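Here is the structure we will look at, set down as structure tokens.
No lab work stands behind these numbers, since they all come straight from the coordinates. Since the model is a prediction, treat every value here as computed from it, not as a measurement.
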């Protein structure tokens, strides 16, 4: 991705821009999904993270409400199969009982 600004920017400004617009959204997406998975597991009373593809978290779950959890889980399984999932994330999913 190429960034263009109307005037010259210093390294600190560029780093903050990238962190806010490029790095944190992915991490926020992960955190939202993993939190929703943990809550779903608790609410469902299950010991394994077997989430149907169509599951969307309830709106009253606050910041994780409306999360397409079933799709998120499917994406994580796909990423794991492609060996594109970081070891730390694999560990978090396994701790939750990912199937």
So residue 82 and residue 58, fully extended at 0.36 nm per residue minus their Cα-Cα distance, gain in nm 5.6 nm
Could you tell me the relative contact order of the stretch 50-99? Use alpha-carbon pairs under 8 Å, at least six residues apart, and round to a whole percent. 29
